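Inspection log for the structure reproduced underneath, given as structure tokens.
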Amino acid sequence: MIERLHLSTVVLVAAIVWGFVLILDGVTVSITWLRHLSVVTGVLLILLAAFDLYLWRLPILRSWFVKRPLLDGTWRAEIRSNWKNPETGRTIDAISGFMVARQTFSRLSLRLLTPESQSEILGAEVLRSDDGSYRIIGVYRNEPRLGVRDRSPIHYGGLVLQVVGTPPVRLAGHYWTDRDTAGEIALSDRRAVHIDDMTSGADLYAAGAR
């Protein structure tokens, strides 16, 4: 989100440039025109904050003014890992969980919840390709439950997700970790609420809330 100092600088430079243009056009310019600069800056900051938090979501602005995909809410997640059990040499079954997205226009946070761990995005970027499609690229930290850390320590990784649909109906991609494992991840069935744990996620989808 833009800071007041930066916005004040932009407004001041714009006012100075506009003043020079008026002078060149023969208009008399008074320095008193700048006395309400702080009020203009304050109003713009309020409008920018409202846009960043709420207004960009309005249907009337989407598709023509706002292109960024709306991902906010809770998604069903399915993870398929290439990790092999050292005792059996077999890969594990698909893991079901939930991805919780908290989003403003300028920021996106993601938290993946599974029965054994949770992963938090340390930094994520929503990128637009030349063909108009979107991808999410991020770096995350995975924190397993204490009881399983003997075989699954805290680790870091990266992920790439392709946004499918307008509006988004699915996200699909892959991930990799610093413990030499990788896999695929698919997100679907978004609900416009946020959950805090696996239990509340199961209750949300069992209740059929949208």
When you scan region 174-204, how many residues do you find that are basic (Lys, Arg) and touching a residue at least 40 places away in the same chain (Cβ under 8 Å)?
2
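Can you pull out the residues in region 116-132 that are part of a loop (DSSP other than H, G, I, E, B) and surrounded by 11 or more Cβ atoms within 10 Å (Cβ to Cβ)? Outline the logic, then answer.
Just the residues of region 116-132 that are part of a loop (DSSP other than H, G, I, E, B), to begin with: 116, 129-132.
Within region 116-132, Glu116 is the sole residue that qualifies.
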With respect to the numbered conditions (1) under 17 Å from Gln162 (Cα atoms); (2) acidic (Asp, Glu); (3) at pLDDT 95 or above, which one is the sole condition not fulfilled by Glu120?
(1)
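The values are calculated or read from the model by the stated rules, or taken from the named source; none is laboratory data. Just so we're clear, the structure is a prediction, and the values are computed from it rather than from any experiment. Every residue, glycine among them, receives a Cβ derived from its backbone with ideal geometry; neighbour counts consider all protein chains shown.
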